[in-house]
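Worksheet: one structure, shown below.
Computed from the coordinates by the stated procedures, all read-outs in this text should not be read as laboratory data. Computed from a predicted structure; not experimentally measured. So basically every Cβ, Gly included, is an ideal-geometry build from the backbone, and we count neighbours across all protein chains shown.
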Amino acid sequence: GEDVEQSLFLSVREGDSSVINCTYTDSSSTYLYWYKQEPGAGLQLLTYIFSNMDMKQDQRLTVLLNKKDKHLSLRIADTQTGDSAIYFCAERRGTGNNRKLIWGLGTSLAVNP
Amino acid sequence: DAGVIQSPRHEVTEMGQEVTLRCKPISGHDYLFWYRQTMMRGLELLIYFNNNVPIDDSGMPEDRFSAKMPNASFSTLKIQPSEPRDSAVYFCASSLGHQGSPLHFGNGTRLTVT
């Protein structure tokens, strides 16, 4: 199928780590992306990973990719109230001129003080 | 870098009226995308362009929707006639031509059709 799946909600306490999970179905995925959407705003690119990588770290963000299980995760260290938003996972399949991304429905992260 | 600029930010119109949404991509980006976001269906790709040429419009809901890109710095999405079910947030995004280049989104146009 075409699905990219994410859990819809996650609630964490301020200062804890958040882990947002994403699963996809197509083994031909080449790039996988994480976007953040705050209320009333567009989608902001957080980070992305090429499929030949297992991990990518960028300040408080760590992306882990398990190609065998088709599982992608985003870990946010020391989560702050400003991290409250919806987080979208997206995959790009194949190469060439096909620029379609397959999107998850988003995970709504609530950070409690 | 001004980012992707969309206008208007909000549009309220009556059923049957024509609606035109506008987008200015990031300078130098080769690809331009129009998306629609609703609670029920999430993000849907409507159409995308490469170097001003439409590449895939299979996501355009029906003939009431049309999109143009007359030059590298401007695109429009038109709905004529509009219907209440078109109410959604419409996003424009652009990207460079390199494989894997991420999309950069505008802040969207919230369309309400009454």
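Averaged over peptide A:39-46, the number of partner chain Cβ atoms lying within 10 Å of each residue's Cβ comes to 6. Each listed q (0.10, 0.14, 0.19 Å⁻¹) maps to a log10 I(q)/I(0) for the stretch B:1-113 from the Debye sum over equal C-alpha point scatterers, namely -0.26, -0.51, -0.94.
Per residue of A:99-106, other chain Cβ atoms within 10 Å of the residue Cβ number 6 on average.
Computed over the protein assembly as shown, the convex hull of the alpha-carbon atoms projects to a mean area of 12.6 nm². Alpha-carbon geometry of the stretch A:12-72: the Rg and the Dmax are 12.8, 37 Å, given in that order.
Mean partner shielding of peptide B:23-30, defined as the number of other chain Cβ atoms within 10 Å of each residue Cβ, is 0. Subtracting the Cα-Cα distance of A:Met55 and A:Ala110 from their residue separation scaled by 0.36 nm leaves 17.3 nm.
Students often get this wrong, so check it: of A:Lys68/B:Lys24; A:Lys100/B:Lys78; A:Lys70/B:Lys24; A:Lys36/A:Lys68; A:Lys36/B:Lys24, which have C-alpha atoms separated by over 30 Å? Kindly include the intermediate steps, with their values, before the conclusion.
Working: A:Lys68/B:Lys24 40 Å; A:Lys100/B:Lys78 21 Å; A:Lys70/B:Lys24 36 Å; A:Lys36/A:Lys68 26 Å; A:Lys36/B:Lys24 21 Å.
In this structure, A:Lys68/B:Lys24; A:Lys70/B:Lys24 exceed 30 Å between Cα atoms.
Taking all C-alpha pairs of chain A, those more than 18 Å from each other amount to 46 percent.
Charges only on Cβ, +1 for Lys and Arg, -1 for Asp and Glu: so what's the dipole of the stretch A:21-68 about the Cα centre, in debye to the nearest 20? Please report the intermediate quantities before stating the final value.
Details: 5 positive and 4 negative charges, 22 e Å.
Dipole magnitude for the stretch A:21-68 comes out near 100 debye.
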